[in-house]
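Have a look at the structure below, then the notes.
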Amino acid sequence: MLIPVLVSIAIVAVIVSIFLVIFSGDKSVPKSREKLNSTVQKKGKSAVIKEYEKRLAHDPHNVGALESLGEVYYSDGNWEKVWSIYRTLYDLSTAHIEINVAKTTSRLGVAAFNLGKIDEAINYLLVSTKMDSEVFDTAFYLGRAFEEKGNLEKAIICYKKSKLLSPENIRVCQALGTCLFKGQKYKECLPFLKRVLEEQPDNKEVLYQMAVSMSESGYTDRALKVFVHLRTDPTFGAQCCLEAGRIHEYQKNFSAAVQDYEIGMKLENVPEKISVQILYRCALAYIGLNNMPKALMLLRQIQNMHGHYKDVDTLVARYKEINQNQNLQVYLMSGTSDFVALCRKFIANFFKDSFVKIEDVAIASECVEIICFANNAKWESRVIFRFYRTQTIIGDIYIREFHSKVRDAKCDIGYCVTMGTFSDSAHKYIEGRPIDLIEKDQLIKALKQINMYN
């Protein structure tokens, strides 16, 4: 009974010894990275490299020397050497079972990525991760390779795996946050970008991504503060001026928007695509401030540098005309009180030789209605005017409704005025009805005859 047990123990001991011999490799080579680092510290990196290269000169297939030399070059970031050494180890792996293929393919993939061989990097790293999915470098660089190829979904999966393997790694937080940002997953990327900024508060790239993500996620006020802070940054300043200006425009703070855009115009080396956007938005902000000369100057500047950009040609034609007619500016762009005052002047001028008494003024979102009584020696009438500020085409449905209003108000006639035009069906509808339509050309002519200061 005892003899079989002793025989079994002996057999196990022999097997263990065989495995120890197989996996120990070259006994003269350090068995771990720690020992190798210790050797490097004692002898110096160049001396260690020289020693292992000498061994490889005698035996190019010395696995232990190749692995140790590979470790040195990998730590040093010498990717050409890493690629060469681990490529040799990979070729030898079929004959040398002591070679760790998962590690070898991982190192090959990392080296390939850093050498710009992205497709090869993905292939080697996929092989490695199938053999050992718990290696940080494998997951992280596979994510970087997928991101480089534009496959953001796969890159995000890899970065999330890296995050599990190294939860506090700032490099992973930035990579994951940036990848989610590129994929327009703005709310999801915020915690990772915030974590990076806790460690690197001066990281302008992450700060910019954070601002855009906050803006897209509804945290506009917080985003605006960051955009304003970054307006003079040489890298992100122009884009931040553009973003800050857009937010200020949305808030109807056109003066602040102009300030944002003018800072952007003073920056150097701004890409033309962003530069022309800044000019365009600034012109619109000046229009919002009713500053036609400034707006036209910028619009013409855009025409010179970037012909037929968006609706610039149309805007130049429209606001050139407006710039030459102060009353037209008031009609289209001034506040409600100034607009109503102009409409009253229009009516007074319309019935120039008559006494006009304004009876009622009704202000709606789309128009202003004024009912008046006009009379002179020959006639008298109760009249209703409706003024539209729109420059679009007004259809017959609005004129039908206006006709009802004329009857309900017991007016003798109604005048519908617009800076745009009326549709053919609208013109057809008024035939035989007490309604007259005044369109753009007739209105502009009338506005030129009005003196607002009399």
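The values are calculated or read from the model by the stated rules, or taken from the named source; none is laboratory data. All figures in this text were calculated on a predicted structure; none of them were measured in a lab. Quick reminder, even Gly has a Cβ in these numbers, built from the backbone with ideal geometry, and neighbours come from all protein chains shown. All accessible areas refer to the heavy atoms of the entire protein, side chains included, with ligands and DNA or RNA removed. Shrake-Rupley method; radii C 1.70, N 1.55, O 1.52, S 1.80 Å.
The selection criterion, being β-branched (Val, Ile, Thr), open to solvent by less than 30 Å² (accessible area, probe 1.4 Å) and at negative phi, holds for residue 178. Exactly one residue out of 372, 367 is open to solvent by less than 20 Å² (accessible area, probe 1.4 Å), touching a Lys or Arg at 6+ places or on another chain (Cβ under 8 Å) and farther than 21 Å from residue 421 by Cα, and it is 372. Taking the range 383-454 as the region of interest, the helices (runs of 4 or more DSSP H) fully inside it that hold 1 or more residues being among the aromatic types (Phe, Trp, Tyr), farther than 21 Å from residue 340 by Cβ and modelled with pLDDT of 95 or more are 424-429.
The residue that is nearest to the chain's Cα centre (by Cα), counting only those in the range 367-382 that are part of a loop (DSSP other than H, G, I, E, B) and over 14 Å from residue 350 (Cα atoms), is 379. Residue 360 meets the conditions (1) among the acidic types (Asp, Glu); (2) in contact (Cβ under 8 Å) with a residue 60 or more places away in the chain; (3) touching a strand residue (DSSP E or B) at 6+ places or on another chain (Cβ under 6 Å) in every case but one. The failed one is (2). When residue 248 is tested against (1) crowded, with 21+ Cβ neighbours inside 10 Å; (2) under 30 Å from residue 368 (Cα atoms); (3) at pLDDT below 95; (4) under 26 Å from the mean Cα position of the chain (by Cα), just one condition goes unmet, and that condition is (3). Could you list, in sequence order, all residues of the range 138-151 that are touching a residue at least 24 places away in the same chain (Cβ under 8 Å) and either among the polar types (S, T, N, Q) or open to solvent by 40 Å² or more (accessible area, probe 1.4 Å) (or both)? Within the range 138-151, 138, 144, 148, 149 qualify.
In this structure, does residue 314 turn out to be surrounded by fewer than 18 Cβ atoms within 10 Å (Cβ to Cβ) and within 17 Å of the chain's Cα centre (by Cα)? The answer is no for residue 314. Can you spot a residue in the range 437-445 that is in contact with a strand residue (DSSP E or B) (Cβ under 7 Å, 6 or more places away or on another chain), open to solvent by 40 Å² or more (accessible area, probe 1.4 Å) and farther than 30 Å from residue 326 by Cβ? No, the conditions are met nowhere in the range 437-445.
All of (1) open to solvent by 40 Å² or more (accessible area, probe 1.4 Å); (2) at pLDDT 95 or above hold for residue 133 with one exception: (2). A search for C-beta distances below 7 Å between a residue of the range 380-407 that is open to solvent by 10 Å² or more (accessible area, probe 1.4 Å) and any residue that is of a type in the set (Lys, Arg) and not in a strand (DSSP E or B), counting only pairs 6+ apart in sequence or on different chains, returns 382/410; 403/433. Consider the range 320-356 and keep the residues that are of a type in the set (Lys, Arg) and part of a helix (DSSP H, G or I). The one that is surrounded by the most Cβ atoms within 10 Å (Cβ to Cβ) is 345.
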